[in-house]
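Down below is the structure, laid out as structure tokens.
The values are calculated or read from the model by the stated rules, or taken from the named source; none is laboratory data. Every value quoted in this text rests on a predicted model; they were computed, and no experiment measured them. Cβ sites come from the backbone with ideal geometry, for glycine too, and all protein chains shown count toward neighbours. Ligands, DNA and RNA are stripped out before the accessible areas are found, and what is left, the full protein with its side chains, is counted by its heavy atoms. Shrake-Rupley method; radii C 1.70, N 1.55, O 1.52, S 1.80 Å.
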Amino acid sequence: MGQRRLVTPQGDNPEKRQNQPNQKRKTDTTVMANTNTRRGEVQRAQRRMSENVNVRASQHVINVPVNKSIYNGYEGRQFTMLDMKKQRPSTRPSLKVIPIGGVGEMGIGKNMTALQYDNDIIIVDMGFLFPGPDYPGINYITPDISWLVERKDQIRGVVFTHAHLDHIGAFRHLIPQLQIPVYATKFTIGMLQKNMEEATDDYEPQYIEINPEAHERVQVGDSFNIELIRVNHSIPDAAAVVIRTPVGNVLSSGDWRIEDTPVDGKAFDFSRLSEIQQKEGFMLFMNESTDCESEGSSTVHSEQDVAHNIGEVMDMFHGSRMIVSCFSSNLHRMQLILEEAKLHDRKVAFAGYSMLQNLEVALRAGSIKVPKDVVMKMEDITKLPDSKVTIVCTGSQGEFNAVLNRMATGAHKHVKIKPSDVIVFSSSMIPGNDKYIIHTVDGLMREGSEVLQDRRVNLKGIGRLHLTGHAYHDDHVRLIGVVNPTFYLPNHGEFHMLVHNAELAEKECNIPRSNIFVCDAGDIVEFYHDGTAKKSGRIPVGGIMYDDSGAEVSEVVLKDRIHMANEGIFVVVLTVSKSSGRLLTSPDIISRGFIYLRDSEELMNLIRQYLKQKVARLFSGRKLDMDAAKKELRDELTHLLYDQTHRTPIVIPVINEIGGG
């Protein structure tokens, strides 16, 4: 009872099996019928290529980054979109601090932070990021400010800490969209104005100069009051920003180091920071992280030490032409080189577009002093004896089109490297540029010249030729001790730098772990009047890509470039009679970055045979859906090419119909 008789199971019918190894795929051409690769294998290869392209092309895309650091604001638990949905907007008045960029992304750069209280928003910095070789044809990436644009009527201004491109590079793209007042030091404003000369928009910003030495306080909207504090860095007129808010004082460090004897005589203003701390206190310290992992203090050496060592090189190679390559923004280094050249009876010429532009701004702002009768034009200095010549140029990072590389290859208009030259790299090696620098150094040494690099001159008995622009571990401990903040937010660095900065603050400076926030771009950290703080969700952020001309580049274009760089492109052009459906000419085949046609005659004949058969089937009297026909051609050509080469280029079929009817 309750039982059912089971039907006798039938045996497997081999004829009904799908995708049998020996079963030929249904096709209307003999060429496709003779392929040995199954469709699924081709699709998997395409999928692998697509996944690889997507991973490389989406490094700048920020959704919900993985952040399980113990300092992530959630006690190490990963924040998810489900958490976002559960969170309800707080009704308590609070200061919201939102990093728009510059925290643990695909490199160091794109520095930008927004602070919001009530209906007032203030922005700190607008930098961009250099993406490197993973992004072919992309010169830089700026922050996506869609969230800010939607609230532009609440934004009261932007304040800049200094004029390096990772802090001001996006200015010309972003400021026309926001049209807000700009606050900065004199030299930084000059660099911002120079940046705006390349803008495609006619908008002219309102610039408000703030003098850090005067301790000026400027009201920005109803909720913010700002003051710039003098710090030292590898560019003139750098400053930290004190932002007074209804909840408490916020200090944004910008980029900094400590110099006991700064070139411009403007020392790090510890006394003002100490005064503010004692009288008002600091609720939050947003501190850069770039070199916090380096042990010791960056004050062990000074810019004067570097100048002395460059002078020693001039003494050691007194009969040689001297070429010094440094960062184009390191203007105080250039001033010291000028002074050493004056002492050694040498003339100096500068070469490199960005270097000349920066020098022009610095001279107008009075940020550097040039000794009399030392500077000459490049075309004139080459007429002097080698012992009188010093050239300061760009190219310290091995850039192919920079001045130093062109000198090495003989492409420079005025200078060709020769065996008697001495080349000084007064710079550090930016991570990722090592192979380019090595290539340049090898090229210079192949010409017989003497090449001196910082920390690689021990055999010559010469000291340091470059100093970092960033503070080391002990310097951070010192500054955090002076500021003594309630809360701490590491910024400006890769993720490992942020975490180590947080560890430093907890273990060396006794800031409670719960008061430290390692953030990702888009995180919202809220600070309340009762002295508490928490992360409270995210805003949409990301990056906008630009090419060398300053034109925006879409993600689709980038993906195509990456795909073509890996697999190439394959184009077939068919010219077909509209009336008869016959090919009027032999199919044109174009291959770029895939195969060399002259070495692949057998494959090309196979492709032409397939195309002739396929066209005959497609145009066999019935009405043709052109889009469907192109898709079918693309899929089958991709299959055929993978069967023969095991590669998946971008395939583009073009069909031109000629004639009436």
Residues of the stretch 66-77 being out of contact with any strand residue (DSSP E or B) (no Cβ under 9 Å at 6 or more places or on another chain), closer than 14 Å to C519 by Cβ and open to solvent by less than 40 Å² (accessible area, probe 1.4 Å), in sequence order, are S69
Picked from the stretch 379-393 (must be open to solvent by 20 Å² or more (accessible area, probe 1.4 Å) and of a type outside the set (D, E, K, R)), the residue modelled with the lowest pLDDT is T382
In the stretch 632-661, residues that are in contact with a strand residue (DSSP E or B) (Cβ under 9 Å, 6 or more places away or on another chain) and basic (K, R) total 1
Checked against (1) open to solvent by 80 Å² or more (accessible area, probe 1.4 Å); (2) free of Cβ contacts under 8 Å to residues at least 24 places away in the same chain, G410 satisfies every condition except (1)
Of the residues in the stretch 167-221, those that are over 24 Å from K266 (Cα atoms) and either open to solvent by less than 30 Å² (accessible area, probe 1.4 Å) or out of contact with any helix residue (DSSP H, G or I) (no Cβ under 7 Å at 6 or more places or on another chain) (or both) number 23
Within the stretch 84-105, restricting to residues that are among the small types (G, A, S) and assigned to a loop (DSSP other than H, G, I, E, B), the one that is nearest to the chain's Cα centre (by Cα) is G102
Residue pairs within 9 Å by beta carbon, gap of at least six or interchain, first lying in the stretch 281-301 and at positive phi, second open to solvent by 20 Å² or more (accessible area, probe 1.4 Å), listed first then second, are G281/N484; G281/T486; G296/Y472; G296/H473; G296/D474
Report task. With the condition kept exactly as written, say whether any residue in the stretch 135-152 is surrounded by fewer than 18 Cβ atoms within 10 Å (Cβ to Cβ), more than 29 Å from E209 (Cβ to Cβ) and free of Cβ contacts under 8 Å to residues at least 24 places away in the same chain. Result -> yes
Residue in the stretch 480-492 that is under 27 Å from the mean Cα position of the chain (by Cα), among the hydroxyl-bearing types (S, T, Y), in a helix (DSSP H, G or I) and buried (at least 19 other Cβ atoms within 10 Å of the Cβ) present = no
(1) open to solvent by less than 20 Å² (accessible area, probe 1.4 Å); (2) under 21 Å from Q453 (Cα atoms) all hold for V300 apart from (1)
Those residues of the stretch 492-512 which are polar (S, T, N, Q) and more than 18 Å from P431 (Cβ to Cβ) amount to N510
Across the stretch 243-262, the tally of residues that are assigned to a strand (DSSP E or B) and in contact (Cβ under 8 Å) with a residue 40 or more places away in the chain stands at 5
Of the residues in the stretch 190-242, those that are closer than 30 Å to S297 by Cβ and in a strand (DSSP E or B) come to I226, E227, L228, I229, R230, N232, A239, A240, V241, V242
Those residues of the stretch 231-256 which are surrounded by fewer than 24 Cβ atoms within 10 Å (Cβ to Cβ) and among the charged types (D, E, K, R) amount to R244
R364 vs (1) over 30 Å from R217 (Cβ atoms); (2) of a type outside the set (S, T, Y); (3) open to solvent by 60 Å² or more (accessible area, probe 1.4 Å): all pass except (1)
H318 fails exactly one of (1) in a helix (DSSP H, G or I); (2) open to solvent by 50 Å² or more (accessible area, probe 1.4 Å), namely (1)
Quick check on the stretch 106-115. Is at least one of its residues without any contact (Cβ under 8 Å) to a residue 60 or more places away in the chain, assigned to a strand (DSSP E or B) and within 16 Å of I524 (Cβ to Cβ)?
yes
The number of residues in the stretch 594-611 that are open to solvent by less than 60 Å² (accessible area, probe 1.4 Å) and either more than 17 Å from Y642 (Cβ to Cβ) or in contact with a strand residue (DSSP E or B) (Cβ under 9 Å, 6 or more places away or on another chain) (or both) is 7
Considering residues that are closer than 12 Å to P485 by Cα and either part of a loop (DSSP other than H, G, I, E, B) or touching an Asp or Glu at 6+ places or on another chain (Cβ under 7 Å) (or both), the number found within the stretch 263-307 is 4
Residue pairs qualifying under the 7 Å Cβ cut-off, at least six apart or on distinct chains, with the first in the stretch 208-221 being within 19 Å of T245 (Cα to Cα) and free of Cβ contacts under 8 Å to residues at least 12 places away in the same chain and the second being open to solvent by 40 Å² or more (accessible area, probe 1.4 Å) and of a type in the set (D, E), are none
Considering the stretch 568-577, residues that are modelled with pLDDT of 95 or more and open to solvent by 20 Å² or more (accessible area, probe 1.4 Å), and then whichever is nearest to the chain's Cα centre (by Cα), we arrive at I569
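Results for (1) touching a residue at least 12 places away in the same chain (Cβ under 8 Å); (2) outside any loop (DSSP other than H, G, I, E, B), shown as yes or no for each residue.
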| residue | (1), (2) |
| --- | --- |
| T35 | yes, no |
| R47 | no, yes |
| R56 | yes, yes |
| N67 | yes, no |
| Y74 | yes, no |
| Q78 | yes, no |
| L82 | no, yes |
Among residues of the stretch 578-599 being closer than 26 Å to S50 by Cα and of a type in the set (S, T, Y), the residue nearest to the chain's Cα centre (by Cα) is S591
Expected output for the stretch 425-445 (first residue in a helix (DSSP H, G or I), partner of a type in the set (F, W, Y) and modelled with pLDDT under 95, Cβ below 9 Å, 6+ apart or cross-chain) is Y436/F400; H439/F400; T440/F400
Taking the stretch 154-166 and keeping only residues that are part of a strand (DSSP E or B) and either open to solvent by less than 30 Å² (accessible area, probe 1.4 Å) or closer than 17 Å to V231 by Cα (or both), one is left with I155, G157, V158, V159
